[in-house]
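Report on one structure; see the data block that follows.
The values are calculated or read from the model by the stated rules, or taken from the named source; none is laboratory data. No experiment lies behind these values; they were computed from the predicted model shown. Don't worry about glycine lacking a Cβ; one is built from the backbone with ideal geometry, like all the others, and counts go over all protein chains shown.
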Amino acid sequence: MAAMLLGIAPAASAAAPAIAEGRPAEARYENGRRTRDGIGKYYFGREISQVMGHQGAGWLERPEREQEERTDLLLEALKLRPGDTVADIGAGSGYFTWRMAQKVGPTGVIHAVEIQQVFLDLLMVNMERRGVADRVRPVLGTIDDPRLPEASCDLILLVDVYHEFDHPFEMARAMARALKPGGRLVLVEYRGEDPEVPIKPLHKMTEAQVRREFSVHPVRFERNIDVLPRQHILIFRRDP
Ligand SMILES: C[S@@+](CC[C@H](N)C(=O)[O-])C[C@H]1O[C@@H](n2cnc3c(N)ncnc32)[C@H](O)[C@@H]1O
């Protein structure tokens, strides 16, 4: 505390708070009716959606995306700083990866995490083309482990990804561990509360549902930045 009052930054090696091992009873997985876009596995009453295949790369890179989703406003809201270490989980073709790589500059690092190697290959071609491959680390994760170093990230971003995690509890626990103390976890999800958002129901989430699912993790909900036409920007923070 004295160090904070004196304006001295805490040592980078400061130990992060411990995170419990077991999965609490309320975070159980249940099998149920499998609907058209789902996998028949339920978590906190929500059916988990199918994963988008690499055939969806063209849709992620569509030219009208910036205008439709105002991805420029999202990037602004993240308030990235030069030198930041960021993880882009479910990075896909790297739509956000190279844009964030430009913001963190040559001293920053972006871990681009994917479970589909085809996407990682495509992503690295795109990073070369954009001239930022030097600061982007491709990471082949698994369905329950993003393979990130502990207490390493200032920010972890998930755009349109969390609802398709096969193991949301294990992924969220691992991401909380990968945050530096005080680091931010940011979920961007199509608004489930809004029937006007033209996206399949399982690919949307309500703020209440996301907050319920993260209530079992050591991150605090901070705010919903309500500036995008179709999506929530939900900010969680790990205790300093
Ligand atoms: C709809 S795409 C979004 C891509 C990117 N975030 C964007 O907005 O352009 C979702 C991606 O999440 C990936 N994904 C799903 N589960 C994952 C997991 N457990 N770890 C890492 N990536 C995952 C999928 O392979 C897919 O490429």
Just to be sure before I move on: is Glu196 out of contact with any strand residue (DSSP E or B) (no Cβ under 6 Å at 6 or more places or on another chain), free of Cβ contacts under 8 Å to residues at least 24 places away in the same chain and either more than 17 Å from Arg211 (Cβ to Cβ) or assigned to a strand (DSSP E or B) (or both) in the structure I sent?
yes
Could you check, for segment 129-139, whether at least one of its residues is at negative phi, of a type in the set (D, E, K, R) and in contact with an Asp or Glu (Cβ under 9 Å, 6 or more places away or on another chain)?
no
From the option list Ala91, Ala87, single residue qualifying as under 22 Å from Arg177 (Cβ atoms) and touching a residue at least 60 places away in the same chain (Cβ under 8 Å) is Ala87
Identify all residues within segment 171-185 that are part of a helix (DSSP H, G or I) and either within 9 Å of the ligand (Cβ to nearest atom) or touching a Pro at 6+ places or on another chain (Cβ under 8 Å) (or both); write none if there are none.
Met171, Ala174, Met175, Ala176, Ala178
Whichever residue in segment 144-170 is among the acidic types (Asp, Glu) and away from the ligand (no atom under 14 Å from the Cβ) and, among such residues, is nearest to Gly94 (Cα to Cα):
Asp154
Hey, can you tell me all the residues within segment 122-153 that are under 16 Å from the mean Cα position of the chain (by Cα) and among the polar types (S, T, N, Q)?
Thr142, Ser152
Pick from segment 204-231 the residues that are assigned to a helix (DSSP H, G or I) and buried (at least 18 other Cβ atoms within 10 Å of the Cβ): which of them is farthest from the chain's Cα centre (by Cα)?
Gln209
The conditions are (1) out of contact with any Lys or Arg (no Cβ under 7 Å at 6 or more places or on another chain); (2) surrounded by fewer than 21 Cβ atoms within 10 Å (Cβ to Cβ), and Ile156 fails exactly one of them. Which is it?
(2)
Checking the conditions here, which among Gly22, Gly58 is of a type outside the set (S, T, N, Q), part of a helix (DSSP H, G or I) and surrounded by fewer than 15 Cβ atoms within 10 Å (Cβ to Cβ)?
Gly58
Identity of the residue in segment 175-203, of a type in the set (Gly, Ala, Ser) and either out of contact with any Ser or Thr (no Cβ under 7 Å at 6 or more places or on another chain) or surrounded by fewer than 22 Cβ atoms within 10 Å (Cβ to Cβ) (or both), that ends up nearest to Val109 (Cα to Cα):
Gly183
It is to be established whether one or more residues within segment 124-143 are at pLDDT 95 or above, within 13 Å of the ligand (Cβ to nearest atom) and within 24 Å of His232 (Cβ to Cβ).
yes
Of Ala57, Ala91, Ala101, Ala77, the only residue that is within 17 Å of the chain's Cα centre (by Cα) and near the ligand (Cβ under 10 Å from one of its atoms) is Ala91
What about Val86, is it within 10 Å of the ligand (Cβ to nearest atom) and either of a type in the set (Asp, Glu) or within 15 Å of the chain's Cα centre (by Cα) (or both)?
no
